[in-house]
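Q: My structure is below; once you've seen it, I'll send some questions.
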């Protein structure tokens with residue numbers, strides 16, 4: 001998945017290691033969010049130490065945010081403009097087992113939930129202050 005506002009970074013959900021990775025145009029790979037061990041379970045934790053679960057899918061919102069689907073915790077998480085991870089939605093109001101994410105041209109977020117045999121629809125989130133993929137990597 002190519003990140004928002006750039007074609008220089010491809011984001012990858014490293015499911016087994018519980019990480020969100022960035023692959024740069026020069027071939028370097030960096031960790032954007034998550035920790036293999038000892039991640040912070042708190043809500044709104046800094047991205048580099050946040051527990052992002054086992055992300056299976058990623059999507060870029062129309063507002064430029066980055067969403068991660070974690071079916072093991074029944075959550076869709078959002079990487080915010082200030083490099084924090086917050087819960088976008090969680091079961092029972094949201095998907096029981098989110099495994100797929102996409103956005104539509106009007107900004108609607110669609111979440112595939114095979115456990116409930118549903119496709120959940122969420123209105124677009126408010127735009128962040130200024131989402132910068134480089135800010136998460138410390139290279140603003």
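Taken together, the values in this text are just the output of simple stated rules run on the coordinates, not laboratory data. Keep in mind that this is a model prediction, so the values were computed, not measured. Reconstructed Cβ throughout: ideal geometry from the backbone, glycine too, with neighbour counts over all protein chains shown.
Q: So how far apart, in nm, are the two label points at residue 72 and residue 16 if each is 7 Å from Cα heading toward Cβ?
A: 1.2 nm
Q: Can you tell me the relative contact order of the range 38-92? Whole percent, Cα pairs under 8 Å, sequence separation 6 or more. Walk me through the numbers before you get to the answer.
A: Values: 104 pairs, mean separation 16.9, N = 55.
Reported as a whole number, the value is 31 percent.
Q: Measure off 7 Å from each Cα along the Cα-to-Cβ vector at residue 30 and residue 96, then give the distance between these two points in nanometres to one decimal.
A: With each label placed 7 Å out from Cα toward Cβ, I get 4.0 nm.
Q: Starting from the 7 Å offset along Cα-to-Cβ, what nm value, one decimal, do you get for the label separation of residue 119 and residue 82?
A: 3.6 nm
Q: How high is the relative contact order of the range 9-136, given as a whole-number percent (alpha carbon pairs under 8 Å, six or more residues apart)?
A: Once normalised by length, the contact order is 18 percent.
Q: Rounded, prolate or oblate: pick one for the range 59-106, where a ≥ b ≥ c are the square roots of the eigenvalues of its C-alpha gyration tensor, a/c under 1.5 means rounded, and failing that, prolate if a/b is larger than b/c, else oblate.
A: Oblate, since a/c reaches 1.5 and b/c is not below a/b.
Q: Another question about this same structure. Across 10 Å bins from 0, what is the distribution of all Cα-Cα pair distances for the range 9-136, in whole percents?
A: Histogramming the range 9-136 at 10 Å steps yields 14, 47, 34, 5, 0 percent.
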